Amino acid sequence: MNYSNSQRAGVIFYLTALLFGGYDLSVPQNVFGVYEDVKSYPLQTWINNAGFGNYDSVSHQDLGKISQMLHLNVEALTILSYYISL
């Protein structure tokens, strides 16, 4: 049976959640926890499916949310991409 890329990505996302549970990757310690959980598997593809944004004007931004967003969208992505590539 032939599966589309989005179907394969959905299966990978489901299996990741099933095997490793949910992680809040805006918390730096959790990023390392994800790596510890997956490092023993022979990964060939890494899909970053985490992220969020904020579309309020600058004057209405919440600095705590901005910090959380940067940890998730930049820091977690960079750290996991680095470690998974080793």
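The values are calculated or read from the model by the stated rules, or taken from the named source; none is laboratory data. Everything quoted here is computed from the prediction, not taken from an experiment. For neighbour counting, all protein chains shown are included, and Cβ atoms are generated from backbone atoms with ideal geometry for every residue, glycine included.
Table for the structure above
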{"read-out": "Which listed residue is outside any loop (DSSP other than H, G, I, E, B) and among the polar types (S, T, N, Q), from GLN29, GLN44", "value": "GLN29"}
{"read-out": "Extreme residue, modelled with the highest pLDDT, among residues of the stretch 19-42 that are under 15 Å from the mean Cα position of the chain (by Cα) and loosely packed, with under 10 Cβ neighbours inside 10 Å", "value": "GLN29"}
{"read-out": "Residue among HIS71, HIS60 that is surrounded by fewer than 13 Cβ atoms within 10 Å (Cβ to Cβ) and modelled with pLDDT of 85 or more", "value": "HIS60"}
{"read-out": "Where ALA50 falls short, out of the listed (1) farther than 15 Å from LEU25 by Cα; (2) of a type in the set (Gly, Ala, Ser); (3) in a loop (DSSP other than H, G, I, E, B)", "value": "(1)"}
